[in-house]
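Engineer: Attaching a single structure in structure tokens format; questions to follow.
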Amino acid sequence: MDDISAQIKARLAHMVDQDNFRTWIEPISSITYSDGTIMLSVPNAFFRDWVVQNFEVLIRASVFEMTQADARVQYVVGKHETRPAIKSAAVRKQILPGLFNPRYVFETFVVGASNQFANAACLAVSHNPGKVYNPLFIYGGVGLGKTHLLNAIGNFLLSHGPVDPNRISFTTAEEFTNELINSLRYEKMDDFRNRYRKMDVLLIDDIQFIAGKERTQAEFFHTFNALYDNTKQIVVTSDKFPRDIVNFEERLRSRFEWGLIADIQPPDLETKVAILNKKAELENVSLPQDVAFYLASNVEHNVRVLEGSLVRVGAFASLHNVSITMELAKEVMGHIIKDKKREITVDAIIKEVALHFAIKTSDMKSDRRIKSIMLPRQVAIYLSRKLTDNSLVGIGEKFGGKDHATVIHSVKKIEEEMKVKKELKETVEKLERKIKST
Ligand code: ADP
Ligand code: MG
């Protein structure tokens, strides 16, 4: 199996573009495969994280093509072997059955105003399963830490709790559904029911997945009741508030409202910086604070993407054997951040400005020359010039076919007025921030 390295690399060469191949695949110094384990030697921890996030699935897929067997991936970082970098629940289940992701614990979860409540609720439940908040329903947008907290409860119970590990069930709603389908197919429904109903703690990730699936909802409903009646702890996560999940049975909704509903909001700037610092600390690299602020203020609210940006910068720094600096961060992240800027459209600006001044968007595009309409129109034109790459003519067209002289005039006018009118300046700046952040 010595040439497996070459074989896998050859396969990957067709799957990823050249730049990525040179930066991330070539430096993998060796790839070995035996007993269902792929061992990759990579230069450092950031490099490993980047490969895990971006290429691990492809690597496993190419090994699967060659061996017809599903393999797990382990990494040797520098000279040291590390434990497998475990990511999704599905991957985790295959390689370490019954265990929670060891990285997702309360100690590594950064608490800020946006997630304080959810964090406190999860801690309370971990200390007193079944006794305090039951069911606990955690909801929040993508990448804000729901899966992390759910794992943290599991890890806590395993290491502190009086709970029998065999009586903790941790699954995604998708896996729950698949298991149900298989049990129906092989006439094993009794086993399915008994297995879930003897649990002391039931943790289900992404419950919104069962929306619209009648049979799964019915089965979940009965499982829920059986556990709830015996004061067993139930914790579910969702990307939406119960009332906002479409095609979700009313009786399930109301069950979730019996307990505690805790939301996770997008983190504010300070929390984002703290998350980056924590991650850098765990990875044992020094992260200058200007870089932390740069990443935190330019990357979206999704924490997964935020972490990804640090991994990217860190990986590049260690590949080139330099430390992380502002210059490097800008070089690595520059094009991604600029891409984001380009997404701002004239239409979005028109909408936002019209909303602020309470006028119709059609008035923005009209020729009406009353002040209450002209000023907002000029502000929108000014912002379009500043925040988009559209030409003067292109902007004019979006405003109902104005010529480029009108566009220039509007831009100048607002620039001049902002110098003397503090209130207008503040309004324009506020709008600019608003538009950039949506
Ligand atoms: P969700 O399940 O809500 O989509 P995850 O729990 O998968 O999000 O979180 C995405 C990534 O962000 C994970 O790597 C997680 O560890 C990290 N993360 C999210 N919130 C925090 C936080 N407050 N502190 C530390 N890491 C966090
Ligand atoms: Mg999740």
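Engineer: What net charge do the residues around M374 carry, taking every other residue with its C-beta under 11 Å from that of M374, with Lys and Arg at +1 and Asp and Glu at -1?
Structural biologist: That sum, taken over residues with Cβ under 11 Å, equals +3.
Engineer: Counting Lys +1, Arg +1, Asp -1, Glu -1, what net charge surrounds L58 among other residues with beta carbon under 13 Å of its beta carbon? Walk me through the numbers before you get to the answer.
Structural biologist: Working: positive: K9, R11, R60; negative: D17, E56, E65.
Within the 13 Å Cβ shell, the charges total 0.
Engineer: Among 101-114, 50-63, how do they line up by average Cβ neighbours within 10 Å per residue, starting with the highest?
Structural biologist: Going from most to least packed, we get 50-63, 101-114.
Engineer: What translational diffusion coefficient, in µm²/s and rounded to a whole number, does the Stokes-Einstein relation yield for the range 139-252 at 4 °C and a viscosity of 1.567 mPa s, taking the hydrodynamic radius as the Kirkwood radius over Cα pairs?
Structural biologist: Numbers: Rh = 14.7 Å.
After rounding, the answer is 88 µm²/s.
Engineer: Got a sec? Which residues in the range 267-288 would a label at E331 touch, if it sits 7 Å along Cα→Cβ and we count backbone N under 19 Å?
Structural biologist: 286-288
Engineer: First measure r as the distance between the Cβ atoms of S437 and N194, then evaluate 1/(1 + (r/R0)^6) with R0 = 45 Å and state the FRET efficiency to the nearest 0.05.
Structural biologist: Calculated value: 0.35.
Engineer: State the Cα centre-to-centre distance between the range 146-168 and the range 225-297 in whole Å.
Structural biologist: If you average the Cα positions of each part, the centres end up 16 Å apart.
Engineer: Right, another one. Determine the percent antiparallel among the DSSP beta bridges restricted to the chain, to the nearest 5.
Structural biologist: 25 percent
Engineer: Moving on to the next point. Using only the heavy atoms of the protein chains and a 1.4 Å probe, how would D363, D70, D268 rank by accessible area, largest first?
Structural biologist: Numbers: D363 20, D70 85, D268 65 Å².
Ranked from most to least accessible, the order is D70, D268, D363.
Engineer: For the chain, calculate the relative contact order in percent as a whole number, restricting contacts to Cα pairs under 8 Å that are 6 or more residues apart.
Structural biologist: Worked out over the chain, it gives 13 percent.
Engineer: Probe of 1.4 angstrom, ligands and nucleic acids ignored: what's the accessible area per residue over the chain, in square angstrom?
Structural biologist: 50 Å²
Engineer: What ranking of K278, K422 comes out by heavy-atom accessible area, probe 1.4 Å, highest first?
Structural biologist: Solvent-accessible surface, decreasing: K422, K278.
Engineer: From zero outward in steps of 10 Å, how is the percent of C-alpha pairs of the chain spread across the bins?
Structural biologist: Calculated P(r), rounded to whole percents: 4, 17, 21, 22, 19, 12, 5, 1.
Engineer: Can you send over the solvent-accessible area of V285, 1.4 Å probe, protein chains only, in Å² to the nearest 10?
Structural biologist: 50 Å²
Engineer: As a test question: what accessible area, to the nearest 10 Å², does K188 have when a 1.4 Å probe is rolled over all protein chains in place?
Structural biologist: 100 Å²
Engineer: Find how much the distance from T345 to D17 grows on full extension, using 0.36 nm per residue of separation minus their present alpha carbon separation; answer in nm with one decimal.
Structural biologist: 115.1 nm is the gain from fully extending T345 to D17.
Engineer: Right, another one. If I model a spin label as a point 7 Å beyond the Cα along the Cα-Cβ vector, how far apart are those points for K360 and H409 in nm?
Structural biologist: 2.4 nm
Engineer: For a quick check of understanding: with a 1.4 angstrom probe and all protein chains in place, what accessible area in square angstrom does Y228 have, to the nearest ten?
Structural biologist: 70 Å²
Engineer: Calculate the spin-label point distance for E426 paired with H160, positioning each point 7 Å from the Cα along the beta-carbon direction, and give it in nanometres.
Structural biologist: Taking the simple label geometry, H160 and E426 are separated by 4.6 nm.
Engineer: Sticking with this one: Report in % the part of the accessible area of the range 1-75 that belongs to carbon and sulfur, leaving out ligands and nucleic acids; probe 1.4 Å.
Structural biologist: For the range 1-75, the apolar C and S fraction of the accessible surface comes to 48 percent.
Engineer: What FRET efficiency comes out for F64 versus S254 if R0 is 45 angstrom and r is the Cβ-Cβ distance? Round to the nearest 0.05.
Structural biologist: With R0 = 45 Å, the Cβ-Cβ based efficiency is 0.55.
Engineer: Most mobile of D35, D263, D290 per a Gaussian network model of the chain (Cα springs, under 10 Å)?
Structural biologist: Result for the chain, Cα springs under 10 Å: D35 fluctuates most.
Engineer: In addition: For the range 210-317, what % of the accessible area comes from carbon and sulfur atoms, probe 1.4 Å?
Structural biologist: Numbers: 2250 of 4650 Å².
After summing per-atom areas, the C and S share lands at 48 percent.
Engineer: Using alpha-carbon pairs under 8 Å, 6+ residues apart, how would you state the relative contact order of the range 289-365 in percent?
Structural biologist: 22 percent
Engineer: How much of the calculated P(r) for the range 262-380 lies past 18 Å, in percent of all Cα pairs?
Structural biologist: Result for the distance tail: 61 percent.
Engineer: Something else about it: So, R0 is 60 Å and r is the distance between the beta-carbons of A226 and S323; what FRET efficiency does that work out to, to 0.05?
Structural biologist: Numbers: r = 56 Å, r/R0 = 0.93.
Computed FRET efficiency for A226 and S323: 0.60.
Engineer: Okay, moving on. In nm, give the distance between the simple-model label positions of D389 and D239, each being 7 Å from the Cα along the Cα-to-Cβ direction.
Structural biologist: Placing both labels 7 Å along Cα→Cβ, they lie 2.9 nm apart.
Engineer: For the Cα atoms of the chain, what angle does the longest principal axis make with the long axis of helix 326-342, in degrees from 0 to 90, nearest 10?
Structural biologist: 70 degrees
Engineer: Does anyone have the angle between helix 269-283 and the longest principal axis of the chain? Alpha-carbon axes, 0 to 90°, nearest 10?
Structural biologist: Here the helix axis deviates by roughly 40 degrees.
Engineer: Then there is this: Based only on Cα atoms, what Rg/Rh ratio does the range 214-312 have, Rh being taken as Kirkwood's radius?
Structural biologist: That ratio equals 1.18.
The values are calculated or read from the model by the stated rules, or taken from the named source; none is laboratory data. Given the structure is predicted, the values throughout are model-derived calculations rather than measurements. Methodologically, a virtual Cβ is constructed for each residue, glycine included, from the backbone with ideal geometry; neighbour enumeration extends over all protein chains shown. Side chains included, ligands, DNA and RNA excluded: accessible areas come from the protein's heavy atoms. Shrake-Rupley method; radii C 1.70, N 1.55, O 1.52, S 1.80 Å.
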